[in-house]
Amino acid sequence: LARTPWNADTRLLRIGLRGYDLPRKDRPPANLVFLVDVSGSMFSADKLPLVKTALSGLAGELGAKDRVSIVVYAGAAGLVLEPTNDTRKIREALDRLQAGGSTAGGAGLQLAYQIARDNRIEGGVNRVILATDGDFNVGVRDNKALIAMIEKQRDSGITLTTLGFGTGNYNEAMMEQIADHGNGNYAYIDSALEARKVLTEEMASTLFTIAKDVKIQVEFNPAVVSQYRLLGYENRALRDEDFDNDKVDAGEIGAGHQVTAIYEIVPTGAKGWVAPRRYGDAPAPAATTKSGELAYVKLRYKLPDGDTSRLLERPVAAAGIGSAPLPTGDFAFAAAVAAFGQKLRGDPLLGAFSYAQIGALAGKQSDFWRQEFIRLTAVAGGLAQN
């Protein structure tokens with residue numbers, strides 16, 4: 001809990017979730033199908049050439065029990081590499097790929113899923129890894145039809161990771177959406193360094209799921225908190241009644257995966273974003289008798305091969321809400337990232353908080369990726385002044 005850097009009347013509550021690490025020797029075998037877009041739109045240097053670099057790096061992380069197949073699609077879809085764990089063969093097949101033609105994305109997905117099914121590893125990771133700029137302009141074009149196909153495969157145990165490349169006709173909304181429905185994850189890759197980060201350094205969290213259908217529900221005590229808002233995650237929201245419904249799909253957590261959620265809250269009695277209501281209800285006795293609790297956090301998750309969720313619950317103490325200091329260290333950096341997202345989309349509740357102030361809030365960082373974020377704030381600030 002910390003004082004909000006851009007609003008002295010509110011507080012920030014950070015909720016962090018981290019998946020346990022999975023030692024290399026304990027990783028399950030992986031049946032991976034690289035599905036590579038080789039259409040004409042993938043010709044530029046930041047697309048297909050970078051895809052080759054990214055997937056070549058992942059090939060170098062394979063174990064003896066892992067298998068990789070390669071499917072490509074342009075005007076049509078085809079299998080260019082039978083399942084193998086020979087790194088040399090995988091890299092040679094990737095190196096031979098060339099861009100040209102239209103984009104039969106739907107047909108490519110169908111073939112990739114078929115190859116994944118044919119080479120399924122029971123008890124292992126069975127996953128399609130789609131690398132594209134997201135320009136599905138031939139074949140199964142309807143988003144609903146694509147999602148229905150992906151959900152059907154997901155329910156059979158074959159998941160989907162999407163890797164986005166390039167700019168211009170890049171369709172990020174589709175890439176993220178189909179990964180969500182495929183019980184996988186999505187990443188945008190714009191450099192060889194980013195490829196190494198996602199597919200080598202973070203390979204465990206990208207490929208090895210330790211919990212599925214993970215849901216977080218936060219209930220705020222109205223005797224302590226009068227208003228609140230979640231910063232970001234709008235497209236991940238579930239209805240309250242869906243939290244206890246094990247039939248409702250939700251997100252996955254990979255080994256070592258970290259998730260951070262930040263709420264901005266208004267302490268009861270402080271100035272909020274919405275004026276007090278004339279007929280507002282007074283807090284119920286159950287709330288006032290628990291005035292030592294600010295919120296109650298509940299987490300539901302299923303084991304990777306399970307169908308019944310498990311529940312974890314934890315109260316959040318209200319102590320210190322009035323005297324909370326400004327965020328420091330890791331919390332300050334997380335708050336800076338949240339502020340940056342708000343600033344980019346013109347959120348009025350951020351007030352006059354500037355890009356320079358966001359960069360200062362992030363602080364000095366030794367980690368390369370955090371340094372890159374600080375450079376991004378400076379670039380955005382410069383563009384905003386032009």
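The values are calculated or read from the model by the stated rules, or taken from the named source; none is laboratory data. The model shown is predicted, which means the values in this text are computed figures rather than measured ones. Glycine gets a Cβ as well: all are built from the backbone with ideal geometry, and neighbour counts include every protein chain shown. In case anyone asks, the SASA skips ligands and DNA or RNA and just uses the protein heavy atoms, side chains included. Shrake-Rupley method; radii C 1.70, N 1.55, O 1.52, S 1.80 Å.
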* Does Asp142 qualify as being more than 19 Å from the chain's Cα centre (by Cα) and modelled with pLDDT under 80? -> yes
* Would you call Glu241 open to solvent by 80 Å² or more (accessible area, probe 1.4 Å) and outside any loop (DSSP other than H, G, I, E, B)? -> yes
* Structure fact -> Here the qualifying pairs (Cβ atoms under 7 Å; residues six or more apart or on different chains; first in the stretch 206-223 and closer than 21 Å to Ile321 by Cβ; second open to solvent by 20 Å² or more (accessible area, probe 1.4 Å) and not in a strand (DSSP E or B)) come out as Asn221/Lys290; Pro222/Pro283; Ala223/Thr268; Ala223/Pro283; Ala223/Thr288; Ala223/Ser291
* Asked: Out of curiosity, is Lys65 among the basic types (Lys, Arg) and part of a helix (DSSP H, G or I)?
  -> no
* Could you list, in sequence order, the residues of the stretch 311-332 that are open to solvent by 20 Å² or more (accessible area, probe 1.4 Å) and either part of a helix (DSSP H, G or I) or hydrophobic (A, V, I, L, M, F, W, C) (or both)? -> Leu311, Leu312, Val316, Ala317, Ala319, Ile321, Leu326, Gly329, Asp330, Phe331
* Asked: Could you say which residue among Ala356, Ala336 is among the small types (Gly, Ala, Ser), outside any loop (DSSP other than H, G, I, E, B) and open to solvent by 70 Å² or more (accessible area, probe 1.4 Å)?
  -> Ala356
* Answer yes or no as to whether Ala360 is out of contact with any Cys (no Cβ under 8 Å at 6 or more places or on another chain) and modelled with pLDDT under 95. => no
* State whether the residues of the stretch 27-39 include one that is within 26 Å of Arg127 (Cα to Cα), open to solvent by less than 60 Å² (accessible area, probe 1.4 Å), more than 24 Å from the chain's Cα centre (by Cα) and touching a residue at least 12 places away in the same chain (Cβ under 8 Å). => yes
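Name the residue that is most open to solvent (accessible area, probe 1.4 Å), counting only residues in the stretch 54-89 that are of a type in the set (Val, Ile, Thr) and under 15 Å from Asp37 (Cβ atoms).
The extreme case among them is Val80.
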* Asked: Which is of a type in the set (D, E, K, R), surrounded by fewer than 17 Cβ atoms within 10 Å (Cβ to Cβ) and farther than 23 Å from Val128 by Cα, of Asp21, Asp9?
  -> Asp9
* **the stretch 220-239 - residue that is over 15 Å from the mean Cα position of the chain (by Cα) and at pLDDT below 90 and, of those, farthest from Met174 (Cα to Cα)** => Arg239
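So which residues in the stretch 244-275 are farther than 19 Å from Thr4 by Cβ, outside any strand (DSSP E or B) and open to solvent by 70 Å² or more (accessible area, probe 1.4 Å)?
Residues satisfying the conditions are Asp244, Lys247, Ala275.
Let's see how each residue does on (1) modelled with pLDDT of 90 or more; (2) buried (at least 16 other Cβ atoms within 10 Å of the Cβ); (3) within 24 Å of Val198 (Cβ to Cβ); (4) within 24 Å of the chain's Cα centre (by Cα):
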residue	(1), (2), (3), (4)
Leu94	yes, yes, yes, no
Ala99	no, yes, yes, no
Ala112	yes, yes, yes, yes
Asn137	no, no, no, no
* Asked: So is Thr308 open to solvent by 40 Å² or more (accessible area, probe 1.4 Å), closer than 30 Å to Ala204 by Cα, among the polar types (S, T, N, Q) and assigned to a strand (DSSP E or B) or not?
  -> no
* Structure fact -> Residue pairs qualifying under the 9 Å Cβ cut-off, at least six apart or on distinct chains, with the first in the stretch 371-386 being open to solvent by less than 60 Å² (accessible area, probe 1.4 Å) and the second being assigned to a helix (DSSP H, G or I) and among the charged types (D, E, K, R), are Thr377/Lys343; Ala380/Lys343
* Asked: In the set Asn169, Asn119, which member is of a type outside the set (Gly, Ala, Ser), at pLDDT below 85 and open to solvent by 30 Å² or more (accessible area, probe 1.4 Å)?
  -> Asn169
* Inside the stretch 75-92, can you point out the residues that are modelled with pLDDT under 80 and not in a strand (DSSP E or B)? -> Gly75, Ala76
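Against the condition of a type outside the set (Asp, Glu) and touching a Lys or Arg at 6+ places or on another chain (Cβ under 6 Å), how does Ser226 come out, does it pass?
Answer is no for this residue.
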